[in-house]
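Structure first, then comments.
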Amino acid sequence: MANERLKADAAMMLEALHEQMLGIAKIQRDRSRLTATATACDKRITVTVNADGILIDTKFADDIGDLTHTEIAEAMTEVVQEAARRVTQQVGLLMEPLRERKSQLPKLSDLIEDAPDLGSAMPVAPPASFAPPNSPERRYDDEDTGFGDVHRFGGRRSMVSGHDD
């Protein structure tokens, strides 16, 4: 009886994995097509980034010369970061159905008694800094790279789930 339940659970897991892989492939395709656009300086500067937040298009209005080089440089940094935030939000929305499906799947510890919760053992990726080069925020101690320090950054454990679960 227990063997039949285990077989049924395994079959369910394999089917769910197959569906998950199909969903991931579709999301990857859709993600690769995402862009986000932002403007600054009364629409004198318009930028577009791809799904990775990489600048792919820049447009300056005819009156861009009214701004100083410093104003343009500061606005470029700000507007590219804003476009990157927007595309990150789009990616998050795109991933939501996959996260919901994942949350419905049983964990290994649900299926096998005394099995470890592998999700909680996953290291947390630190969020990328928006600080400029050589700023104090970018300085860190190379010696402090132990496994135990990953939780202090407050990043995500999973690029797929986007959540710390």
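The values are calculated or read from the model by the stated rules, or taken from the named source; none is laboratory data. Not measured: the values here are computed from a predicted model. Heads up, the Cβs are rebuilt from the backbone with ideal geometry, glycines too, and the neighbour counts pull from every protein chain shown. Please note that ligands, DNA and RNA were not included when accessible areas were found on the heavy atoms of the full protein model with its side chains. Shrake-Rupley method; radii C 1.70, N 1.55, O 1.52, S 1.80 Å.
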(request) Counting only heavy atoms of the protein chains, get the accessible area per residue of the stretch 99-138 (1.4 Å probe) and round it to a whole Å² value. (result) 77 Å²
(request) Under a cut-off of 29 Å between alpha-carbon atoms, report the lysines in cross-link reach of residue 43, not counting same-chain residues fewer than 8 places apart. (result) 59
(request) Set the Förster radius R0 to 45 Å, insert the Cβ-Cβ distance between residue 107 and residue 129 as r into 1/(1 + (r/R0)^6), and round the FRET efficiency to 0.05. (result) 0.90
(request) For the stretch 1-115, list log₁₀ I(q)/I(0) at each q in 0.14, 0.16, 0.20, 0.22 Å⁻¹, using the Debye formula over Cα point scatterers of equal strength and ignoring solvent, two decimals each. (result) -0.70, -0.80, -1.00, -1.10
(request) Would you mind giving the average projected area, over all directions, of the Cα convex hull of the stretch 49-131 in nm² with one decimal? (result) 7.8 nm²
(message) Checking the cross-link filter: which lysines have an alpha carbon closer than 25 Å to that of residue 26, excluding same-chain neighbours under 8 positions apart?
(response) 102, 107
(request) Pull out the extension gain between residue 42 and residue 66, defined as 0.36 nm times the separation in residues minus the alpha carbon to alpha carbon distance; nm, one decimal. (result) 7.5 nm
(message) 7 Å from Cα along Cα→Cβ at both residue 58 and residue 15: what's the point-to-point distance in nm?
(response) 5.3 nm
(message) I'd like the FRET efficiency for residue 78 and residue 32, computed as 1/(1 + (r/R0)^6) with the beta carbon distance as r and R0 of 30 Å, rounded to 0.05.
(response) 0.70
